[in-house]
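To start, the structure itself, in structure tokens.
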């Protein structure tokens, strides 16, 4: 106890995140990130695979309940999982940036997605306040895709 009968202790306050030193990942070559892919839920695993194939993605089942879904660049993509939670799926949005929204929109329309997959009608491209021209597409689980191009 201190002289006045109080218990004293020191509290160290950590610096704000912007004041912390950032690690030098270049000094640790194995600390690089090679790829980042989200896990996307599927209410009907098979139907979702077919949906993404119709959009032009490569789909490969890599485990009993997981498929890789890869874009034409051979690297960009996500992991489709045979798991579904309505609140998650219907509040999840994904964005892809494409060179030509007009080419993509023609392809999207040509696939008759509502008829073949029971999805909502895709919304045609509009210029959004943030400067991208965006078409909206829902997958069979209710995930909203922003298919966008820079103006």
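The values are calculated or read from the model by the stated rules, or taken from the named source; none is laboratory data. In this text the structure is predicted, and so the values were computed from the model without any measurement. Here the Cβ is made from the backbone with ideal geometry for all residues, glycine too, and neighbour counts use every protein chain on show.
Can you confirm whether the stretch 36-57 contains a residue that is out of contact with any strand residue (DSSP E or B) (no Cβ under 9 Å at 6 or more places or on another chain) and either over 24 Å from residue 90 (Cα atoms) or at pLDDT below 95 (or both)?
yes
Within the stretch 89-104, restricting attention to residues that are closer than 13 Å to residue 139 by Cα and touching a residue at least 24 places away in the same chain (Cβ under 8 Å), which residue is farthest from the chain's Cα centre (by Cα)?
90
Which condition does residue 130 not pass, out of (1) out of contact with any strand residue (DSSP E or B) (no Cβ under 9 Å at 6 or more places or on another chain); (2) surrounded by 12 or more Cβ atoms within 10 Å (Cβ to Cβ), if it passes all the others?
(2)
Being under 29 Å from residue 33 (Cα atoms) and loosely packed, with under 12 Cβ neighbours inside 10 Å is the requirement here; does residue 100 meet it?
yes
May I ask you to verify whether residue 69 is in contact (Cβ under 8 Å) with a residue 12 or more places away in the chain and either outside any helix (DSSP H, G or I) or over 19 Å from the mean Cα position of the chain (by Cα) (or both)?
When the stated conditions are applied, residue 69 passes them.
Within the stretch 75-88, can you find the residues that are in a loop (DSSP other than H, G, I, E, B) and without any contact (Cβ under 8 Å) to a residue 40 or more places away in the chain?
76
Identify, by number, the condition in (1) closer than 16 Å to residue 44 by Cβ; (2) crowded, with 16+ Cβ neighbours inside 10 Å; (3) touching a strand residue (DSSP E or B) at 6+ places or on another chain (Cβ under 6 Å) that residue 61 doesn't meet.
That leaves (2) as the condition not met.
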